[in-house]
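Asks: Here it is, the structure in full.
Read-outs: derived from the displayed coordinates by stated rules, not from any lab. Worth saying up front: this structure is predicted, and the values here are computed from it rather than measured. Glycine gets a Cβ as well: all are built from the backbone with ideal geometry, and neighbour counts include every protein chain shown.
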Amino acid sequence: MSTLPVQSGDADDRRLRRARTWALTGFGIAAAIALTMSTPSAATLPDIVVRSFETCFPDAQSPLATDVRNDLLEAVNDGIDPDLLGEFLTRGHAAGLSQREIAGEISRAQRLATRELPAELTIDRILQGLAKGVPYARIEPVAAEFESRLVHAGELLDSTARTETRTSEETREGRRQMVGDVAYALGAGVPDADVMKSMQLALDQDLSLVSARAPVLALGGMVGAGVPADQSLRVVEEAWASGFRDSALEELGSQLSRLQRDDPNGTSRVIDELLQDLRAHGAPDRVLERLEEIVGPSGAAAPGVGPNADPGQIRGPGGPPDDPGRQNPGGPRHDPPGPGPGGH
């Protein structure tokens, strides 16, 4: 087991790391001890992370290894699954990533987790790319772009779902899931303003963020399949006004996404008819039944529907790697296999 102090802020973290580096080079030993003793609390890395870390960093006392240990501890404390971190360390090492490349990705995960963003989505996609043999030189820039998209998604969410509009049902995990959904929609090509409008449908009724997920996923699925953004937003808004919520709204988006892929020339006509039905306040189950008669049995969700089928992610040689699916404590999602890191 490896015991590491937990830092209370960036300034303390920098001071501690600097002091430890001095101690390792024979300088400032007293300062290092004093700073370590003054940290507010301490925690222990899980064994699975320790074992993987020791494989990647045999010289555990190097300054780089010290930084990685600190980032790992903060990442675990911020809620990242230790098994996922251990898997990344093991597979990254086996794939030939350098210590600095591994350190860079652990630092990325820690930055995202500190901001309460879904770092697991980035790690998952990196693992997918490595599993397909995609060179890390191609994975890293897309991981960096995805990090920026998650940050932007969090900013959009926070600017739309202001604190006073959230209900007591809001949880930290719920926000992380919602950020992932927003990032997916952005990657599908949905404009910022349309993402915010789709979220606002639920928030205007003082519903929780869980209720705002379906409009965003339905919108992202349709746009990702090739339905024009303005037309997709009209469908989502009319469906919401007609009482579509949660799985029914996601199913509607899934059906239209599949139709767009199977018969792109016929989608516009079907959507026009659908909008007429919705404006006539057709019951969701009846509308879905009529749509299924046109599209066919739904089965699994249409390809590309859901954050794990993010069209903004790179694809590796031979096509997209299998996606293991994401954690969904908030309830069932229509998350089919989709592309992971590789090439556009």
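Asks: At 0.36 nm per residue, minus the direct Cα-Cα distance, what do residue 231 and residue 114 gain on full extension? Give it in nm, one decimal, please.
Replies: Between residue 231 and residue 114, full extension yields 38.4 nm more.
Asks: Placing unit charges on C-beta atoms (Lys and Arg positive, Asp and Glu negative, everything else neutral), compute the dipole magnitude of the stretch 186-259 about its Cα centre in debye, rounded to 20.
Replies: 180 debye
Asks: Within 10 Å of each residue's Cβ, count the other Cβ atoms and sort 136, 184 from fewest upward.
Replies: 136, 184
Asks: Please arrange 196, 178 by counting, for each residue, the other beta carbons lying within 10 Å of its beta carbon, fewest first.
Replies: Least to most surrounded, the residues fall as 196, 178.
Asks: Right, here's the next one. Along Cα→Cβ, 7 Å out, is where each label goes; now give me the distance between the ones at residue 285 and residue 241 in nm to one decimal.
Replies: 2.5 nm
Asks: Could you please rank 234, 258, placing first whichever residue has the fewest other Cβ atoms within 10 Å of its Cβ?
Replies: With the sparsest Cβ surroundings first, the list reads 234, 258.
Asks: Let me ask something additional. For residue 200 and residue 269, compute 0.36 nm times the residue count separating them, minus their Cα-Cα distance, and round to one decimal in nm.
Replies: 22.1 nm
Asks: Can you give the net charge of the other residues whose Cβ lies under 13 Å from the Cβ of residue 233, counting K and R as +1 and D and E as -1?
Replies: Net charge in that neighbourhood comes out at -3.
Asks: If the label point is 7 Å along Cα→Cβ of residue 44, which residues in the stretch 65-81 have backbone nitrogen under 11 Å from it?
Replies: Zone members listed by number: none at all.
Asks: Taking a ≥ b ≥ c as the square roots of the Cα gyration tensor eigenvalues, with a/c under 1.5 meaning rounded and otherwise prolate when a/b beats b/c, else oblate, which class fits the stretch 53-99?
Replies: Oblate.
Asks: Compute the FRET efficiency between residue 55 and residue 159 as 1/(1 + (r/R0)^6), taking r as their Cβ-Cβ distance and R0 = 51 Å, and round to the nearest 0.05.
Replies: 0.75
Asks: Which of the three applies to the stretch 199-246, rounded, prolate or oblate, going by the alpha-carbon gyration tensor with a ≥ b ≥ c and a/c under 1.5 meaning rounded?
Replies: It comes out prolate by the Cα gyration axes.
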